[in-house]
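Each reported figure results from applying straightforward, stated rules to the coordinates on display, with no laboratory input. Keep in mind the model is a prediction, meaning the values are calculated, not measured. Quick reminder, even Gly has a Cβ in these numbers, built from the backbone with ideal geometry, and neighbours come from all protein chains shown.
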Amino acid sequence: MSLYLRRIAIDGFRKFREPMAIEGLADGLNIVIEPNETGKSTLLEALRAAFFVRHGTKNQLAQSFAPYGGAVGPEIQVSFDADGAPWTVTKRFLRGASIEVTGPKGKAQGEEAEARLHALLGSVRDTSQKGDAGTYGALGLLWVGQAEALSVTGPGQIVRDTVRSTLEAEVGSIMGGAAYTRVRTRIDEQYGRYWSPTGQKRERQKEAQERVDQAEAAARDAAERLAGLERTFSELERARARLKVVEREIADETDLQTRKDLVASLETARAAAQILATRRAEHEAVSAKMRGLEDLAERHRKAIEDQDAAEFALQGARARRAELRDGLTTAKQRLLDARSALEAARTGRQDARDALSRGEDLVRASRRRNAVATARNRHAELVELERLQVEAAALAATLIPAKVLETLEANDRLVAEARATRAAGATRIALSGDASGVSIDGEPMPLGERTLTGETRVRFGNAELVITPPAGAASAEEALATALERQKSALVELGLASLSAARARNDAARDAASELRTIAARVAAVTPADDIIGLAAGPEALKLLVAELSAGADIVESDIPDIALLTATLEAADSALARAEGAHESAVEALRRVEHEDAPLASAEAGAASTVSNANSQIEAIESRPEFPTLAADLARAREETAAAAVRLEGATRDATAHDAAAITRRIEIIDARTKAAGEARSKLEMEVARLEGTIESEGGKGLADREAGAREEAEAARAALYRVTEEADTLKLLRDTLDEARDETSARFVGPVAKRAKRHIERLLPGCDLSFSEDLALEAVVRGGVSEGCGDLSRGTQEQLAVLTRIAFADMLLEQGRPVSLILDDPLVYADDARLDLMVEILSEAAERMQVILLTCRDRAFRHVPGNRISMAGEGSEASAHKT
Amino acid sequence: MKLIHTADWQLGKPYGRFEPEVRAALSEARFDAIDAIGKEAIRHGADHVLVAGDVFDTEGPEDRTIVQAISRMERHPCRWWLLPGNHDFARNGGLWDRVRQRCGDRITVLAEAQAQEIEPGTWLLPAPLTHRHNLDDPTEQFDSMATPGSRIRIGLAHGSIRDFGSQGETKNQIAPDRARRSSLDYLALGDWHGTLSVDARTWYSGTPETDRFQRDDPGHLLLVDVAERRDPLVTPIRTGGFQWLRRSWTVNDQAGFDAECDQLLGSIDPPSTLVELSLAGITSLTDRVGILSKLENDVGHRVRYLDVRASDLVGRPSEDDLASLSVEGMLGVAAAKLTALADAGGADASVAKRALERLFVEYSREGRA
């Protein structure tokens, strides 16, 4: 059923200090268009106060109802129809607070009146300070104050509960409600002991796991320690067993006996070795003696043999030498003869040679004399040539050097030039006539021309003529003088009178130089070398030779012998000498051959003689020794003794080998080492046993086996506990998840009807959209084209429009419930564009066919065209009027 | 003459899978058993207590365990003859050396296989174990022991009796006719934790304090009256403080369970009873929750220890269960999902079953509103 407001009268409420009333509210759409500050929002506030704010309350909200500065009790009276019956509520706040409700059940006041209102409207008593729209029930949702519907909000508990039966009827199920909440809370609480909100294990699960970890670690530790102790026990057993073995070994007599036997055999062995040494020495001595005797006998035999042989050889040598002696004598004689012949030949040859030599000397002396004579002649020639040469050289030395001659030539040219210059610049005077009385510069002046080069005073009697030639003449004169002077001094220097003399001298000097070269060639020609007199080439050698010869040794000429004859004589002497030499050599050779034959024989003879002598003396020496007479018998006896000694040595050697002292010592050492090792092993094992016993004593008392068993059982218990805890945790997790799923599924089913109704409207606004409602029936998101947009993310305009549309949907559902429903929108759709506004107005108009809708707006233009019941809020004192457009 | 035959004290057993307080009680009970034995010995005039092996649980117990054992024994004016068993076998430097260092002359450690004349003419022939696992029959040695002037020969050994039919070698096995073979008047055996008579002269005394779920009987000792030329008179006497019960119940509803429960609780002394309970059967979810809840909240607190194995107790949600949940909308949906998951089998099925049960438990906790 719709709730139809009919008349609202206000007095002393907030800005309405004076009484104001709105009347003529119609069933359908009512539009109140008034400018700002007119009191539209206050009107809605007054309506809420009349229906939902307890009249007796002094809360903050009620306090705010009083007009500012006013002391009156705010009063509101509302007339309305509900379920076809007329109702009136008159409520006064603060001062003289009262309520009176008139309805189908008659009049009621105070709490009764409040209760009747609550019963009618489904609201509950509001105990808040500032007013709680949640307690207002359906109308709290549907009477929307200014800016209250700008965002999409869910319905309050009362509305949800109210629509539940509708929903339950529709989906055939219920939301769990109290039982669910109770179970869920408990499960969550238990779950929280096992799981963190993010599904991580915690508290009990962790504790159980830790207990397992600790217990297992403890068990492991205990087991290890116990195992360690057990190992010690078994080691101890082993050590004891080994010790027993070692002790048995030590106690064993076998080694001891063996050793004793060995020591005895060692004694035997040592004795045998000693005997062997003795026997060896004996054998040695006997055999040495035997060897001595044998040696003596042998030497004697050999000496006799040598004696015999040497004597035989001596005989032979002597016989042969006797044969050779004649030949030797002959050869010696021949040699003597040959030597005399040779001497003679040598003398002859010497004579011939001397003669030849003398002849040759004579020839050479003759040749020398001739050469000396020739040299003397050439010397005279040379002396003459040298004189000529000196003369020519002197002449040649007068040659004036070319440079000086050039200077002379230049000076000559200068003189000539100076003369020409003077002639050109001089004043020429000529005196003719009578020259007497005429003096020039104090001297008489001759006739004729004269050249003046300086100031000249000519006196004619008493007259004096001063002639001054041009200035240049004087300097020219000077230059000439200088040039002349220079030339003169140059010539004087050379001792010449003039330049031409100089030239002539130079020519003569040149000729002399050429003459000199000729003379030199001639000197060379007259001074050749001459081997005969040992003369070298050159004038000096010749001059020296002549100077030496001056002694004038004039040797007398002698006959020149015949050299050829002398030479032939010498050659004949030479060949005679050669022949004599050959004969001498052959004689020497013959003698040598004979002597050669004789020499070995002589030495053999001498050797044999010596051997015989030696042998004789040796035999004598041997035979003179005392043992010689019994030598043969002694030797035989010595041999027998040696044989016997050898047999004894053999025996001793055998004995010594049978008892090897070194081998026995080694065996004794082995036995000793074994005994020592056993002793060491025993003490080591005893130490080990003591150590292990100590360990067992200290560790054994700790009850390790007990602890190990306890720890093991604790670990098992911990594992069992962990298993139970895990099981419990899994159970709780599954249960909780299942509860979540159940809730989600159920709420999905529950919001279905809400969504269906809302969608009917919203689809007109957002075609093709899907809606997503939360469990508490709030619109959460709009799904467009598969994209889900949270309501908070939509544009403000859309949010506002959705807020209005969902309210209409709830209003529809409440209407179905038979709840009194009315929709009041204060200043709605402020963000709507024209198209949306038209659409929304259309939807609102349709809704107005099912329920009363009151629009409070200040926007005349926006709502001017909207068909509906126009209401205006009249001024103070007057009542608002309504008119249908 | 009278003597006490006991064995398998297993002192120092850790009981690691129990909660600390239960563990402490069980450990302490084993020491208390010594006092119980000592008292019985005095009460029945037995001068000798023969302990047939496994006095200690391990070969390496804590010093405290040893000292406790010795001091408890020495409180009673009788002679104690301790035989090393397989748990506490004798070896050099081991456990028994530690015991000897501490005990007085009324305690004798029989670590060597040498006959002892405990009373004039009465010889004790011990067969101590020197290894954890002996392959030979340790009682073979009886035949080579000299017992000059013996009138009564008593054997003391630890190990299991060789089965006549068994083949191959097993550990510490004792000839079943050892008493006859070695002319023993009595053979006191240990290792078997229950009281058992092999023949008239061969007995296992069992442990004086039960230590595991194996048999329901509590621990006993044997009072043995031996005499020449006759079989001994053997009387088991209870010494055990705790009873270890293992039960398997098949229940199909709460009522059946309750009946079993009442019967059990009526027949036992709950504070000294440990129970290992295996449940099997198919019940409704409500019943299963009810059963487990009773075990957890009631029975478990009454007895010393309760170990419930309910994996074979299948709780299937009944129609009613599911209906009551489905009224609750989302809870119903969740229950349906879990049921489907549980029915689908596979790895998650068991988790799903538990989750379903948990959901039901939580839903039922404060009654259905």
Could you work out the local net charge near A:Glu249, counting Lys and Arg as +1, Asp and Glu as -1, over the other residues with Cβ closer than 13 Å to its Cβ?
+1
Relative contact order for chain A: what is it in percent, counting Cα pairs under 8 Å that are at least 6 residues apart?
29
Counting Lys +1, Arg +1, Asp -1, Glu -1, what net charge surrounds A:Glu477 among other residues with beta carbon under 13 Å of its beta carbon?
-1
Give, rounded to the nearest 20 debye, the magnitude of the charge dipole that region B:10-106 has about its Cα centre when Lys and Arg contribute +1 at Cβ and Asp and Glu contribute -1 at Cβ.
160
Cα-based Rg / Dmax (Å) for chain A:
91.4, 225
For peptide A:688-697, how many partner chain Cβ atoms fall within 10 Å of a residue's Cβ, on average?
2
Using θ = phi - 60° and the Karplus relation 6.51 cos²θ - 1.76 cosθ + 1.60, list the HN-Hα couplings for region A:859-865 in order, rounded to whole Hz, with x at every Gly or Pro.
9, 4, 5, 5, 10, 4, 7
Rounded to the nearest 0.05, what FRET efficiency do A:Glu464 and A:Asp507 have when you use their Cβ-Cβ distance and R0 = 41 Å?
0.15
Using the Kirkwood formula over every pair of different C-alpha atoms, what hydrodynamic radius in Å results for chain B?
23.3
Per-q log10 I(q)/I(0), region A:302-346, q = 0.23, 0.31, 0.33 Å⁻¹ (Debye; single scatterer per alpha-carbon; no solvent):
-0.79, -0.96, -1.00
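If R0 is 45 Å, what FRET efficiency do you get for A:Ala410 and A:Ala373 from their C-beta distance, rounded to 0.05?
0.15
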Where the centroid of each part is defined by its Cα atoms, how far is region A:409-426 from region A:316-364 in Å?
112
For region B:184-276, what is the percent of antiparallel DSSP beta bridges, rounded to the nearest 5?
55
Calculated [θ] (222 nm, deg cm²/dmol) that DSSP helices of n ≥ 4 give over the protein assembly as shown, each run adding -39,500 (n - 2.57):
-19500 deg cm²/dmol
Work from the charge dipole of the protein assembly as shown (Cβ charges, +1 for Lys and Arg, -1 for Asp and Glu, about the Cα centre) and give the residue of A:Gln257, A:Leu484, A:Ser872 farthest towards its positive end.
A:Ser872
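Among residues other than B:Arg98 whose Cβ falls under 13 Å from its Cβ, what is the net charge (Lys/Arg +1, Asp/Glu -1)?
Local net charge: -4.
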Could you work out the relative contact order of region A:475-600, using alpha carbon pairs under 8 angstrom and six or more residues apart, expressed as a whole percent?
7
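With +1 on the Cβ of every Lys and Arg and -1 on the Cβ of every Asp and Glu, and nothing else charged, how large is the dipole of chain A about its Cα centre, in debye rounded to the nearest 20?
Working: 120 positive and 145 negative charges, 713 e Å.
About 3420 debye.
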Please list the non-local residues whose amide H lies under 5 Å from the amide H of B:Ser278, H modeled 1.01 Å from N, same-chain partners needing a gap of 5 or more.
B:Arg247, B:Ser248, B:Trp249, B:Arg309
Going by average Cβ density within 10 Å per residue, which order do the peptides A:111-123, A:409-421 take, highest to lowest?
A:111-123, A:409-421
Expressed in angstrom and rounded, the centroid-to-centroid distance over alpha carbons for region B:235-271 and region A:473-550 is 183
Ignore the peptide's own chain and count Cβ atoms of other chains within 10 Å of each Cβ in A:730-741; give me the average, rounded.
6
Express in whole angstrom the spacing between the alpha-carbon centres of region A:683-705 and region A:814-844.
98
What distance in nm lies between label points placed 7 Å from Cα along the C-beta direction at A:Ala264 and A:Glu284?
3.4
Each label sits 7 Å from Cα toward the beta-carbon; between A:Ala297 and A:Ala673 the label points are separated, in nm, by 5.7
Got a sec to turn the phi values of region A:141-156 into Karplus ³J(HN,Hα) couplings, 6.51 cos²θ - 1.76 cosθ + 1.60 with θ = phi - 60°, whole Hz, x for Gly and Pro?
7, 8, 8, 9, x, 4, 6, 7, 9, 7, 10, 7, 10, x, x, x
Residue (of A:Ser613, A:Ala832, B:Tyr305) at the positive-pole extreme of the protein assembly as shown, dipole from beta-carbon charges
A:Ala832
DSSP-defined beta bridges in the protein assembly as shown - what % are antiparallel, rounded to 5
55
